[in-house]
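Chemist: So that we are looking at the same thing, I have put the structure below in structure tokens.
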Amino acid sequence: MSRNLLRRIGVLILLLVLLAALAGFWAWQRYQAFAGIPVHGIEAPAALLVERGDSLPVVLAKLRALGVRGGHEAEWRLLAREMGAAGRLQVGEYAIDPGMTPRDILAALRDGRVVRHAFAIIPGRTFRELRAALARESLLEQEIEDLDDGAVMAALGQPGQHPEGRFLPETYHYTRGDSDLDLLRRAHAAMQEALDAAWATRSDDSVLGSPDELLTLASIVEKESGIASERPRVAGVFERRLRIGMKLQTDPTVIYGLGSAYDGNIRRRDLDTDTPYNTYTRGGLPPTPIAMPSAGALEATANPIDDGALYFVALGDGSGRHAFSRTLAEHNAAVVRYLRRYRAAREADAGTAAGTGPESP
């Protein structure tokens, strides 16, 4: 073989090596740009649902369906291996936001940074209202819709327990795939923990004989006042009434006993109609809680304020507060003041609606 031919072959090999190096450099640059530049096609937040058994190609197809553009499958595979995400994609719902890079997306899938949704249990709501709210939560799997209350409690491992008041009001976070029963199970455990804590700190001379009685009275306190600072005084009124054998005479229990018959107004005949929950016609506590009390209501009921008051009535000034009285005469005077304010407010509202209020031209 001639020297010139060898020289030409060497130059050709060198050129091929250089071309391969350039191609490799170009591919590496392209890959780095792909991994670190925001994906195209996502103009608004989108949700990616990774289901059990989904492989990387399946997830990539779902990303394409959302509008994600750019990057070959080989680049996604290489990046997933580099990040330790290959074979470790976690099930759940993920937020795909504008500005996310492929590296961001794969890191979220690898680390399980799933979307967390919030569901609030409102203090003072009933179990019937809670069930209705859960049924409207479309992202929760619905497992209790065909179960009656007794079957729900049995599914929670509490057969025979009345559901009212047994779920702690607070905000619970869940992920797609969780069920209404999952959320109820957590809320039930949280209420039991809060109830145990309140019972452990109750006053030494408490008239309440069990945690269930504390829960029942706390539900009444919750319904009677939304002002945290006055709840211990409200609890004190009921505690003293129980101690001396005086009926509780609290409207929320009557309303609960009326059930679906309650139309928003409570009348004298309602107060006189006997039900197991009517504390005007029956002494002591009602048979079950009447709503879901907050942790604050539990604490206030466990440690009531003893100031001698046996009565309370709303002030009627829009503050939500109450006037507390020791005697019936004081209470009757407070009721007269309340009615005077109530009627004045009604007349003012009627005048404003008719165009004759103080701000009318």
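The values are calculated or read from the model by the stated rules, or taken from the named source; none is laboratory data. Everything numeric here is computed off the predicted structure, so don't read it as measured data. We place every Cβ from the backbone using ideal geometry, glycine too, and count neighbours over all the protein chains shown. These accessible areas exclude ligands, DNA and RNA; they are computed on the full protein's heavy atoms, side chains included. Shrake-Rupley method; radii C 1.70, N 1.55, O 1.52, S 1.80 Å.
Chemist: Could you check, for region 274-283, whether at least one of its residues is open to solvent by 20 Å² or more (accessible area, probe 1.4 Å), in contact with a Ser or Thr (Cβ under 7 Å, 6 or more places away or on another chain) and without any contact (Cβ under 8 Å) to a residue 24 or more places away in the chain?
Modeler: Narrowing region 274-283 to residues open to solvent by 20 Å² or more (accessible area, probe 1.4 Å): 274-277, 280-283.
Filter once more, keeping what is in contact with a Ser or Thr (Cβ under 7 Å, 6 or more places away or on another chain): 274, 277.
So of that shortlist, the ones also without any contact (Cβ under 8 Å) to a residue 24 or more places away in the chain come out as 274.
Yes, the conditions are met somewhere in region 274-283.
Chemist: Among the residues of region 109-136, count how many are open to solvent by less than 40 Å² (accessible area, probe 1.4 Å), within 30 Å of Leu217 (Cβ to Cβ) and within 11 Å of the chain's Cα centre (by Cα).
Modeler: Going through region 109-136 one residue at a time, the tally reaches 5.
Chemist: Right, something else. Just to be sure, is Leu56 open to solvent by less than 40 Å² (accessible area, probe 1.4 Å), modelled with pLDDT of 90 or more and touching a Pro at 6+ places or on another chain (Cβ under 9 Å)?
Modeler: Values: open to solvent by less than 40 Å² (accessible area, probe 1.4 Å): yes; modelled with pLDDT of 90 or more: yes; touching a Pro at 6+ places or on another chain (Cβ under 9 Å): no.
No.
Chemist: Consider Ser179 carefully, then state whether it is open to solvent by less than 10 Å² (accessible area, probe 1.4 Å), in contact with a Lys or Arg (Cβ under 6 Å, 6 or more places away or on another chain) and hydroxyl-bearing (Ser, Thr, Tyr).
Modeler: Numbers: open to solvent by less than 10 Å² (accessible area, probe 1.4 Å): yes; in contact with a Lys or Arg (Cβ under 6 Å, 6 or more places away or on another chain): no; hydroxyl-bearing (Ser, Thr, Tyr): yes.
No; evaluated as a whole, the condition is false for this residue.
Chemist: For region 71-112, enumerate the residues that are aliphatic (A, V, I, L, M) and in a loop (DSSP other than H, G, I, E, B). Write out each step before concluding.
Modeler: Just the residues of region 71-112 that are aliphatic (A, V, I, L, M), to begin with: 74, 78-80, 83, 85-86, 89, 91, 95-96, 100, 105-109.
Result: Ala85, Ala86, Leu89, Val91, Met100.
Chemist: Any residue in region 219-237 that's more than 14 Å from Asp251 (Cβ to Cβ): show its pairings with residues that are open to solvent by less than 20 Å² (accessible area, probe 1.4 Å) and not hydrophobic (A, V, I, L, M, F, W, C) at Cβ separation under 7 Å, as long as the two are six or more apart or on different chains.
Modeler: Going by the 7 Å Cβ cut-off, the qualifying pairs are Arg231/Ser225; Ala235/Thr301.
Chemist: When both residues are 6+ apart or on different chains and their Cβ atoms are under 8 Å apart, which pairs have a first residue that lies in region 113-142 and is more than 30 Å from Val50 (Cα to Cα) and of a type outside the set (Phe, Trp, Tyr), and a second that is at pLDDT below 95 and surrounded by fewer than 18 Cβ atoms within 10 Å (Cβ to Cβ)?
Modeler: Cβ pairs passing all conditions: Gly124/Gly226.
Chemist: Kindly check whether there is at least one residue in region 308-322 that is within 25 Å of Phe167 (Cβ to Cβ) and either assigned to a helix (DSSP H, G or I) or among the β-branched types (Val, Ile, Thr) (or both). Quick ask: steps written out before the conclusion?
Modeler: Here is the first cut: in region 308-322, the residues within 25 Å of Phe167 (Cβ to Cβ) are 320.
Filter once more, so that each one left must be either assigned to a helix (DSSP H, G or I) or among the β-branched types (Val, Ile, Thr) (or both): none.
So far as region 308-322 goes, no, none of its residues is within 25 Å of Phe167 (Cβ to Cβ) and either assigned to a helix (DSSP H, G or I) or among the β-branched types (Val, Ile, Thr) (or both).
Chemist: Scan region 234-241 and give yes if some residue there is among the aromatic types (Phe, Trp, Tyr), buried (at least 22 other Cβ atoms within 10 Å of the Cβ) and either assigned to a helix (DSSP H, G or I) or out of contact with any Gly (no Cβ under 8 Å at 6 or more places or on another chain) (or both), otherwise no.
Modeler: Start the filter on region 234-241 by keeping residues that are among the aromatic types (Phe, Trp, Tyr), which leaves 238.
Within this subset, residues satisfying the condition of being buried (at least 22 other Cβ atoms within 10 Å of the Cβ) are 238.
Checking the rest, the ones that are also either assigned to a helix (DSSP H, G or I) or out of contact with any Gly (no Cβ under 8 Å at 6 or more places or on another chain) (or both) come to 238.
Yes; the residues of region 234-241 include at least one that is among the aromatic types (Phe, Trp, Tyr), buried (at least 22 other Cβ atoms within 10 Å of the Cβ) and either assigned to a helix (DSSP H, G or I) or out of contact with any Gly (no Cβ under 8 Å at 6 or more places or on another chain) (or both).
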